[in-house]
Amino acid sequence: MINNHEATGSGAASKLFWNFKIKRPRLMEKSNRDIKLLFLTRIIRLFAYGFMSVILVLLLAETGLKDGEIGLILTLTLAGDVFVSLWVTTVADRIGRRKMLVLGAVLMALSGLVFVVTNNPWLLTIAAILGIISPSGNEIGPFLSIEQAALSHIIPDHKRTSAFGWYNLAGSFATAIGALTSGWLAKLLQHYSVTALESYRYIMLGYAISGVMLIVIFLKLSAEVESQPVTVEIEKPTIKPKMGLHQSKGIVAKLSALFALDAFAGGFVIQSIMAYWFHTKFGVDTGVLGSIFFGANILAGISALLATNIAAKIGLINTMVFTHIPSNILLCLVPLMPNLGLAIALLLLRYSISQMDVPTRQSYTMAVVAPDERTAASGITNIARSIGAAASPALSGLLLANPLFFSAPFFLAGGLKIIYDLFLYKMFLNVRPPEENRLKKEAFDCINADESC
């Protein structure tokens, strides 16, 4: 069993992944099994996202679509994710989290199959909107919101950031391996006289198969992942819950607005677009593209894990802001590099610190709302991110189509993300999660008692 003094650091985190034990008797064996299954679904899903994202824009280009049209499809894909996620996450606690996770996996498998069997741009667009396709290589759809809420229910507060650090590390490594496999598989198939379009379709078939695997695993989750009723005493007049929220409406609204800005900025340089930028500017083939994003995602995963120790020392908000600003300065510098080697070096350096805000952001959102609001809060903030990210790929496609503005997406993304960081710091510096308040109180009591602290 994990001791309290191991609440932070890589030692506690490493034990958490496979040997996590909880002191609440009703959650012992089933909860530990559910944690492992949720980590496994994260790995399979993010592998599939990385596997598909490297070739997605290249596949659409092979069907004859132009840059602006591709950007529009990517935007519609992310817009469709908003509606699917909004519906699924707002009914998940009522209908059942497991059922909604299975539904998401079914949509993922079906959308992948459509990309395998047709070139019709209308059918591809419909599949992208109604299904689950990740142009970024990152999380999309309702999975993340439901899994975060389930993990936060199972895992104690002082383990939450560490758990999310490992959760994101697992996803980043899976995305990296998926990107590497995809790039070199496409190159290998083309070497053996398979057309580029057909090689990309084989990869989309693998994406569909991953969706089927997720269906099987989600069906094995226990009832412990479902929402547990919590009695919340609210001072009169009674606040009626809206969309699953009651006392946390204000803070969720502010976080959602900021996260939407961050995602809007990130949408200019999603992984598919960056792959296309490197392919067009430097003539990079799919094998090298896969290798680039393999390294990038490995570094991103490590940065997410390192955030656990940093957050324990300086707090969640400080970790989010002080690591995010330098990473976005580096993002702005990538297109200014005179050759491929330097551009890759800057990109990898950026990824080495770029994801430190992800587990801290997820943990912070779960910490500052009531337990029975977590699914709704996670769903609403993630939907806000999807809304923010939905518009920018279309704009990015238009910019890429104009040689004068070909590198503008990098500058827009980096600049807007820095603005997000500054607003986040100003608005939430003094809104602390429970574990940070406890540590602050313990330190204060220790000093007042004239003890050695």
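So here's what we get for this one:
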| item | result |
| --- | --- |
| Any chance Leu72 is over 19 Å from the mean Cα position of the chain (by Cα), under 30 Å from Asp285 (Cα atoms), among the aliphatic types (A, V, I, L, M) and assigned to a helix (DSSP H, G or I) | yes |
| Condition check for Leu86: surrounded by fewer than 24 Cβ atoms within 10 Å (Cβ to Cβ) and assigned to a loop (DSSP other than H, G, I, E, B) | no |
| Close pairs (9 angstrom Cβ cut-off, 6 or more residues apart or separate chains): farther than 12 Å from Asn328 by Cα in segment 347-376, modelled with pLDDT of 90 or more and aromatic (Phe, Trp, Tyr) anywhere | Met356/Phe322; Arg361/Phe259; Tyr364/Phe428; Thr365/Phe259; Val368/Phe428 |
| Selection within segment 382-403 - surrounded by fewer than 24 Cβ atoms within 10 Å (Cβ to Cβ) and not hydrophobic (A, V, I, L, M, F, W, C) | Asn402, Pro403 |
| Residues that are open to solvent by 20 Å² or more (accessible area, probe 1.4 Å) and at pLDDT 85 or above, drawn from segment 352-378 | Ser352, Ile353, Arg361, Val368 |
| Unique match (being polar (S, T, N, Q), buried (at least 20 other Cβ atoms within 10 Å of the Cβ), over 28 Å from Asp372 (Cβ atoms) and in contact (Cβ under 8 Å) with a residue 60 or more places away in the chain) among Ser152, Ser162, Ser172 | Ser172 |
| Residue within segment 404-427 that is among the small types (Gly, Ala, Ser), under 30 Å from Ile154 (Cβ atoms) and part of a helix (DSSP H, G or I) present | no |
| Verdict on Gly141 being under 21 Å from the mean Cα position of the chain (by Cα) and at positive phi | yes |
| Residue in segment 330-337 that is modelled with pLDDT under 95 and open to solvent by less than 10 Å² (accessible area, probe 1.4 Å) present | no |
| Residues located in segment 68-101, provided they are in contact (Cβ under 8 Å) with a residue 12 or more places away in the chain and β-branched (Val, Ile, Thr) | Ile70, Ile73, Thr75, Thr77, Val82, Val84, Val88, Thr89, Thr90 |
| Subset tally (residues that are farther than 21 Å from Leu56 by Cβ and surrounded by 15 or more Cβ atoms within 10 Å (Cβ to Cβ)) for segment 186-223 | 4 |
| Criterion (under 17 Å from the mean Cα position of the chain (by Cα), touching a residue at least 24 places away in the same chain (Cβ under 8 Å) and over 30 Å from Val368 (Cα atoms)) met by exactly one of Phe282, Phe293 | Phe293 |
| Single condition Val269 does not satisfy, out of (1) buried (at least 23 other Cβ atoms within 10 Å of the Cβ); (2) modelled with pLDDT of 90 or more; (3) under 27 Å from Leu38 (Cα atoms) | (3) |
| Qualifying residue in segment 146-156 (condition: modelled with pLDDT of 85 or more, of a type in the set (Asp, Glu) and within 23 Å of Leu101 (Cβ to Cβ)) | yes |
| Residue identified as small (Gly, Ala, Ser) and at pLDDT below 80 among Ser85, Ser162, Ser172, Ser134 | Ser85 |
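The values are calculated or read from the model by the stated rules, or taken from the named source; none is laboratory data. What you are looking at is a predicted structure, and each value in this text was computed from that prediction instead of being measured. Neighbour counts run over all protein chains shown; Cβ positions are idealised from the backbone, glycine included. Only protein heavy atoms, including side chains, enter the accessible area calculation; ligands, DNA and RNA are left aside. Shrake-Rupley method; radii C 1.70, N 1.55, O 1.52, S 1.80 Å.
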